[in-house]
1. Output the residues belonging to region 159-204 that are outside any helix (DSSP H, G or I), closer than 18 Å to Glu230 by Cα and free of Cβ contacts under 8 Å to residues at least 60 places away in the same chain.
2. Pick from Glu282, Glu271, Glu182: which is charged (D, E, K, R), surrounded by fewer than 18 Cβ atoms within 10 Å (Cβ to Cβ), in the same structural domain as Tyr305 (by TED's automatic domain parsing) and farther than 21 Å from Tyr305 by Cα?
3. In region 205-219, what residues are in contact (Cβ under 8 Å) with a residue 12 or more places away in the chain and exposed (fewer than 15 other Cβ atoms within 10 Å of the Cβ)?
4. Within region 305-323, is even one residue touching a strand residue (DSSP E or B) at 6+ places or on another chain (Cβ under 7 Å), over 28 Å from Asn180 (Cα atoms), among the β-branched types (Val, Ile, Thr) and at pLDDT 95 or above?
5. Looking at Asp243, Asp276, Asp308, Asp294 in this structure, which one is in contact with a helix residue (DSSP H, G or I) (Cβ under 7 Å, 6 or more places away or on another chain) and among the acidic types (Asp, Glu)?
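The values are calculated or read from the model by the stated rules, or taken from the named source; none is laboratory data. Remember, it's a predicted structure, so these values are computed and weren't measured experimentally. Glycine also receives a Cβ, built like all others from the backbone with ideal geometry; neighbour counts cover every protein chain displayed.
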Amino acid sequence: MKRISIIFSYKCKVMDKGGVGLKIERLLGITMILLSQRRVNAQTLADKFEVSLRTIYRDLETINTAGIPIVSYTGIDGGYEIMEQFRIERQIVTFDDLQSILVALRGVQASLDDQDMEQLLTKIKALVARSEQKQMEEAGDTLLFDTNLWHGGGLKDRSMLAKLRQASKNRQVLSFLYTNTEGVGELREVEPIGLAWKGYTWYLYAYCRLRSDYRTFRLSRISEHNIHMEHFADRGVRMAELDSRWGNRETGPAVPLLLHFRPRLRVRAEEAFGIDKVEMQEDGSLLVRASYPDNHWMYGMILSYGPDVRVLAPAYVADRINSMASQIAQRYTE
């Protein structure tokens, strides 16, 4: 059984000189595609790599000469494929491991319109033998990871994710109009660090030049974004460090809440706050202790439970909820 070694990839990098590097990258790309798909025609490869059919034919011959057996088929369903017996040595990664990796990558790809992610999916698929690919199809998916909302909400421009991620990788200055929870827009110029999926939406982690500090920006509130040619110096702060500051900057300081729920909201309370945060009382009611940033979202969250919740502490939050509820009732009596 023929196997391709990782050393081949290493040698390709060593040989990289000008146009040679581009050719080697294309040869590896074609090899990965042929390993991950049953049969591909030459025109599809030419379109994908933006070269002529003649170049693809030469590339296929080069790959075949290098010891990777390529078979050609004629007719309507014709094309090129690698012999069934040929595979890449996978070593430590198991079949179940690869299946989990593919599920996660497909979920991210559903949101990120990113060419790099598509290429990574192709490489991972190439590690799956033909017999295992058939096994995956027969078994079906037992896990689905998808960051898109059921009702299709979220970002209006999904390509923005890939653009912001690229700006973060290239350390390019970014400017945009940012709208806060009160509907007020403000022009920001930032040094993007990366993107984070939190709960049910995407956020941008960045150094804000207007605030002279790090901030988190909800992507659904970003509009009129523009990536500048200016590159910024690395400040040495990473995503993990900023993530530990979650809720302490743009959103305001966290407030410890003590909430009292009626019995019928047990399931909702456990889902929203976690079973460990819910205390059952003798009469069936519930006490919940949780902390949230003191902002418009927190008050909206509490009001969403209607008359089935009461704020026991702090007192000023209870007073504001009472005032907001009274204003809502007043609107319906006007």
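1. The first filter runs over region 159-204 and keeps only residues outside any helix (DSSP H, G or I), leaving 171-204.
In the following step, the residues that additionally are closer than 18 Å to Glu230 by Cα were identified as 171-176, 187-194.
Once the filter is applied, which keeps residues that are outside any helix (DSSP H, G or I), closer than 18 Å to Glu230 by Cα and free of Cβ contacts under 8 Å to residues at least 60 places away in the same chain, region 159-204 yields Val173, Leu174, Ser175, Phe176, Leu187, Arg188, Glu189, Val190, Glu191, Pro192, Ile193, Gly194.
2. After ruling out the rest, the residue left standing is Glu282.
3. Going residue by residue through region 205-219, those that are in contact (Cβ under 8 Å) with a residue 12 or more places away in the chain are 205-210, 213-219.
Once the filter is applied, which keeps residues that are in contact (Cβ under 8 Å) with a residue 12 or more places away in the chain and exposed (fewer than 15 other Cβ atoms within 10 Å of the Cβ), region 205-219 yields Arg209, Leu210, Asp213.
4. no
5. Asp308
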